[in-house]
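Q: Before I ask anything, let me first share the structure, which is written out below as structure tokens.
The values are calculated or read from the model by the stated rules, or taken from the named source; none is laboratory data. Note that the structure is predicted; figures quoted are calculated from it, not measured. Because the Cβ atoms are built from the backbone with ideal geometry, glycine has one as well, and the counts that use them run over all protein chains shown. Accessible surface is based on the protein model in full, side chains and every heavy atom, while ligands, DNA and RNA are left aside. Shrake-Rupley method; radii C 1.70, N 1.55, O 1.52, S 1.80 Å.
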Amino acid sequence: MRARLDRECANQRWLSKFPCSTVFRKLAWSYDLRMLVIHFEAHTSTNQTKKKPQFWFEATSLASGRKLFTSDPGSLGWGEVGAHAHTESCIEEVVASVQSRVTPEMNSFFTALLRLVVKMSATATRNVGIPAGSLVVKPPAHPTYDLKSVIQLALSEDAGDRGDVTCQATIPVEMEVEAHFLAKEDGIVAGIALAEMAFNEVDPSLKVEWYRNDGDSVHKGLQFGKVHGRAHSIVVAERVVLNFMQRMSGIATLTKAMADAARPAYILETRKTAPGLRLVDKWAVLIGGGQNHRMGLFDMVMIKDNHISTAGGIANALKAVDDYLEQNNLQMGVEVETRTLEEVNQVLHYASTTKTALTRIMLDNMVVPLSNGDVDISMLKEAVGLIDGRFETEASGNVTLDTVNKIGQSGVTYISSGALTHSVKALDISLKIDTELALEVGKRTKRA
């Protein structure tokens, strides 16, 4: 999609002045857009004192013919037509980006219309089915990730080709019950919004109620939500819902602890996520109070050791990246990994003599573990001092819950930890129809 947008925009001279693909990527937050018609129009102003043309924007679903968003050309304000608030704010960002890149000279002579058909395939990121009330923390954006399909795959691998044979044998189809979510240990709950999507996928008639939100603390023995409806549907959804919630809550719990300890630095995860669960894992990090590193290979340039070795050195790698971004009219963050103070100086020398898109320097394994369990951060602090605020800094390597506080005092901007997602310990949560018996068993086993 981004490549197509770039090609289309190249044919419109005024639009070639801004990275359209980057701007339009923000539309991935839309809820139910399978296909869009997007219109941009710049009108010559009748008020000669105005310095910029007025803009009009509209998005129409080709699937339903329904207008989803529209703008008011008179005020440049936004009217909402069947749109969700957070999506409307993304559209405002689009307009702001366009306006900021149009030169005043264009006001007097042009009216340009760009009509783009953007196919949002079944792999586009859509928050379909997430009730607004449960969406406390939005999932991160991804151009090809379909959260609904991930849930469907999880349900499908559980059901196989026969469905739940035990439910079919033991539970009357129309029997209705109430089941309660029970925390079996202390932690941060996450995955509530995703759980609602899963329940809705199994049976839209199920009624879910929560006493806690994503990101809230829960303690052992706490009932923090309930679901009412057909017993068969609840039991079919149970394991998939709990698998998501337990993993996400485990990530959020560790992230919360790491983020609190890392201050004033910010804690990041990495791409070391479970295959197929990249967005889910990174969503849990956000819920826990962390920040996301790059989503994948597409949204940030990250020059690591293998790139440097292949390119013939850090300066060569940086030059190649700068040339590539300029040639392809791309704007995105650029990070380079350094492993020694000499490499830090090489990066700084390159940046002082060359116009570069570099935004962040990773200081890898500059935290040295000691035999007594402590860490030596003197090399890290020296590197931060050399950079002296000219770029963001990121500490990586030997980051644990025990060491992150000391690392955070070094002056680095970010601290990244793969352990947040690759070594997650699931938070113990259950969903029980007979909660009295569940609590009795839990107390006996010291799990409630």
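Q: What is the antiparallel percent of DSSP beta bridges lying wholly in region 349-448, to the nearest 5? Numbers along the way, then the final one.
A: On the way: 2 of 10 bridges.
Given both bridge residues lie in region 349-448, the antiparallel proportion sits at roughly 20 percent.
Q: Oh, and also: Do any of K282/K381; K148/K304; K256/K406; K148/K184 go past 26 Å between their Cα atoms, and which?
A: K282/K381; K148/K304; K148/K184
Q: Between K138 and D376, what is the label-point separation in nm under the 7 Å Cα-to-beta-carbon projection?
A: Between D376 and K138, the label points sit 4.6 nm apart.
Q: Can you pull the one-decimal nm distance between simple spin-label points at S217 and T166, each 7 Å off the Cα toward Cβ?
A: 3.5
Q: Using the Karplus equation 6.51 cos²θ - 1.76 cosθ + 1.60 (θ = phi - 60°), what ³J(HN,Hα) coupling, rounded to whole Hz, does each residue of region 148-165 give in order, writing x for Gly and Pro?
A: Residue by residue, region 148-165 yields 5, 5, 5, 5, 4, 5, 4, 5, 5, 5, 6, 7, x, 9, 10, x, 7, 5 Hz.
Q: If you don't mind, another one. If you count only protein heavy atoms with a 1.4 Å probe, what accessible area per residue comes out for region 329-448, rounded to a whole Å²?
A: Working: 6040 Å² over 120 residues.
Computed with neighbouring chains in place, this is 50 Å² per residue.
Q: Calculate one ³J(HN,Hα) per residue across region 317-329 by plugging θ = phi - 60° into the Karplus curve 6.51 cos²θ - 1.76 cosθ + 1.60, and present them in order as whole Hz with x for glycine and proline.
A: 5, 5, 5, 4, 5, 4, 5, 4, 5, 5, 5, 9, 6
Q: Right, something else. Using 0.36 nm times the number of residues separating R390 and H422, minus their current alpha carbon distance, what extension gain do you get?
A: Additional length available on full extension: 8.4 nm.
Q: Further, regarding this structure: Of the accessible area of region 329-404, with the probe set at 1.4 angstrom, what percent is carbon plus sulfur? Mind dumping the intermediate values first?
A: On the way: 1770 of 3690 Å².
Carbon-and-sulfur percentage of accessible area, whole number: 48.
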